[in-house]
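Student: This is the structure I want to talk about, given as structure tokens.
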Amino acid sequence: MDAARRLCVRDGYAATTIQALADEAGVSVQTVYAAFGSKLEVLRQLFDISIAGDDADVALADRPEWRAWQSEQHVDDILASFAQANRAVCERTADVVGVVGAAADSHPEIARMWEQAEAARYEDQRALADHLAHHELLRPDLTRQQAADIVWTLAGPGPYTDLVRRRGWRGSEYEHWLTRQLHCALCRE
């Protein structure tokens, strides 16, 4: 996966060949095909591992590091814990998100993969809006749907990439910013 990440990020999906992946990984082309079956599957697994942090068959929403915010009692702690978990995902995925997003424009299979990943991200992040609503912490003028849309927008890969990768913010600054923005946009107090 390290070889796939390096090549796809550096050269893009279209320019990354199975031969190049094999050469970069120090294995044969047959080994790459035996392990993955196709270049698309290499990208799919790279994307999945980037999101989850490993290759265990456990959805992000079921991982303790993602769910930690759900055990917090105070709204500031809930949002700070969520921002910390979201930052970890963004740090792992930022470069791969760019590869998948760029490749989606010209590869229908990757476009479907991107749409599925975005739908899953929405559901994972909607849980925060549902949690806040359940505990009566949402602003009264927001519906759960609106709150979920706000979380999905603020906690998406775009703001992280813009602030950390393009503008040079430290990850901790992004995390603090996200916490504040979510509080201002979503919460009563």
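The values are calculated or read from the model by the stated rules, or taken from the named source; none is laboratory data. Every value quoted in this text rests on a predicted model; they were computed, and no experiment measured them. Methodologically, a virtual Cβ is constructed for each residue, glycine included, from the backbone with ideal geometry; neighbour enumeration extends over all protein chains shown.
Student: Could you tell me how many of the residues in segment 62-107 are surrounded by 14 or more Cβ atoms within 10 Å (Cβ to Cβ), of a type in the set (Gly, Ala, Ser) and either modelled with pLDDT under 95 or more than 16 Å from TRP177 (Cα to Cα) (or both)?
Tutor: 7
Student: Filter segment 144-162 down to the residues that are within 17 Å of CYS187 (Cβ to Cβ) and in a helix (DSSP H, G or I) and list them by number. Lay out the reasoning, then the answer.
Tutor: Pass one, segment 144-162, residues within 17 Å of CYS187 (Cβ to Cβ): 144-155.
Within segment 144-162, ARG144, GLN145, GLN146, ALA147, ALA148, ASP149, ILE150, VAL151, TRP152, THR153, LEU154 meet the criteria.
Student: Determine whether ARG92 is out of contact with any His (no Cβ under 6 Å at 6 or more places or on another chain), within 16 Å of CYS187 (Cα to Cα) and of a type in the set (Lys, Arg). First the steps, then the outcome.
Tutor: Working: out of contact with any His (no Cβ under 6 Å at 6 or more places or on another chain): yes; within 16 Å of CYS187 (Cα to Cα): no; of a type in the set (Lys, Arg): yes.
Spelling it out, it is not the case that ARG92 is out of contact with any His (no Cβ under 6 Å at 6 or more places or on another chain), within 16 Å of CYS187 (Cα to Cα) and of a type in the set (Lys, Arg).
Student: Sort out which residues of segment 33-47 are without any contact (Cβ under 8 Å) to a residue 40 or more places away in the chain and either crowded, with 18+ Cβ neighbours inside 10 Å or of a type in the set (S, T, N, Q) (or both), and write them in order of number.
Tutor: PHE36, SER38, LYS39, VAL42
Student: Could you grab me the full set of residues in segment 134-165 that are surrounded by fewer than 17 Cβ atoms within 10 Å (Cβ to Cβ) and within 15 Å of PHE82 (Cα to Cα)?
Tutor: Selection gives THR153 alone.
Student: Checking ASN86 against (1) over 24 Å from ARG170 (Cα atoms); (2) out of contact with any Leu (no Cβ under 6 Å at 6 or more places or on another chain); (3) of a type outside the set (Ser, Thr, Tyr); (4) touching a residue at least 24 places away in the same chain (Cβ under 8 Å), which test does it fail?
Tutor: Condition not satisfied by ASN86: (1).
Student: Which of the residues that make up segment 136-150 are without any contact (Cβ under 8 Å) to a residue 12 or more places away in the chain and β-branched (Val, Ile, Thr)?
Tutor: Answer for segment 136-150, where residues must be without any contact (Cβ under 8 Å) to a residue 12 or more places away in the chain and β-branched (Val, Ile, Thr): just THR143.
Student: Applying the selection to segment 1-19, what residues are in a helix (DSSP H, G or I) and loosely packed, with under 13 Cβ neighbours inside 10 Å?
Tutor: ASP2, ARG10, GLN19
Student: Looking only at segment 166-175, how many residues end up being in a helix (DSSP H, G or I) and either in contact with an Asp or Glu (Cβ under 8 Å, 6 or more places away or on another chain) or surrounded by fewer than 16 Cβ atoms within 10 Å (Cβ to Cβ) (or both)?
Tutor: Looking only at that region, the number is 4.
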